1. Kindly identify the range 123-230 as rounded, prolate or oblate by the Cα gyration tensor criterion: order the square roots of the eigenvalues as a ≥ b ≥ c, call it rounded if a/c is under 1.5, otherwise compare a/b with b/c, prolate if a/b is larger, else oblate.
2. Okay, which of the range 62-94 sit inside 17 Å, backbone N to the point 7 Å along the Cα-Cβ direction of LYS142?
3. Take the chain, connect every pair of alpha-carbon atoms lying under 10 Å apart with a spring to form a Gaussian network, then pick out the residue of LEU50, LEU184, LEU103 with the largest mean-square fluctuation.
4. What nm distance separates the two modelled labels at PHE92 and THR3, each placed 7 Å from Cα along Cα→Cβ?
5. Apply 1/(1 + (r/R0)^6) to the Cβ-Cβ distance of ILE208 and LEU17, taking R0 = 22 Å, and write down the FRET efficiency to the nearest 0.05.
6. Choose one answer from VAL98, VAL73, VAL173: the residue with the largest mean-square fluctuation in a GNM of the chain with alpha-carbon springs under 10 Å.
7. Is any residue of the range 62-86 close enough, with backbone N under 19 Å, to a label point placed 7 angstrom from the Cα of PHE152 along the Cα-Cβ axis, and if so, which?
8. For ASN204, what is the net charge nearby, where nearby means another residue's Cβ is under 12 Å from its Cβ and Lys, Arg count +1, Asp, Glu -1?
Amino acid sequence: METAAYIFTGFCGLFALMKAYYSANKQCYKELSLKTMASLAFIGAGIFALLSNQRAMGVYGLFILVGGVLGLVGDLFLGVDGLFKDTKEAAFVHAWGVICFLLGHIAYAVAMLTQFEFKLYLIPVILIMPLSYIVVGLTKTKIFANKFNGIFMTVYFAALGLGVTAGISAAIVSGGSPISIMLLIAAVLFVISDCVLGFTAFSNKRVIPTSVKAWVVPVTYYAAQLLYMLTMMIV
């Protein structure tokens, strides 16, 4: 089972790099197909990682897999939103994609909280992400031009902050165990991916080149998903 998990991990990495290549070269349909294959591959890695370790077959494994599946569904929504000519339909599909990712981040955070004690003195750390988002959003982007979008994305970044803080707490509680480091790195990679994606989409001026975004976003995103999946082998 472990071998199968690593094989799917390899496929996910390969598909993610191919997806980045096609994205950088603006070949949308090829990018979409590779994106879907990469997402299916990390789910495959997660399933075999779970089956390889009976200790993961509980609440932790359930929430990790739920987080992965929500990421897969979110990928599908965000992959097809650009295919709709009607802007309202495209916005509706896009919104559901972001909602799936929000719920996925919460599921990953819950998984960490079920496995490791949460240090209450770290609660203020959670607020760093949403507060930073508000400051940057108001001064450097146009996201708050739509108040609902601005508020919703602030909640989204609060979920990212919860994931990072839960990872920090896990590392402290476990004394830097391998699984806690994997969880923390995964949470941080998600932050990098979403910050680059969001900043390039809503920035008042282009700061990050499109070609850089095309590579950074999928590499950090799929690396994060795979790290979460593979933690089930060592939990």
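1. Note, shape of the range 123-230 comes out oblate.
2. From the range 62-94, the list is 87-88, 91.
3. LEU103
4. Roughly 4.8 nm, to one decimal.
5. After rounding to 0.05, the efficiency reads 0.70.
6. VAL173
7. What the label zone holds, given the 19 Å backbone N cut-off, is 70-86.
8. Details: positive: LYS140, LYS142, LYS205, ARG206; negative: none.
Summing Lys and Arg as +1 and Asp and Glu as -1 gives +4.
Read-outs: derived from the displayed coordinates by stated rules, not from any lab. Values in this document were obtained by computation on a predicted structure and should not be read as measured data. Every residue, glycine among them, receives a Cβ derived from its backbone with ideal geometry; neighbour counts consider all protein chains shown.
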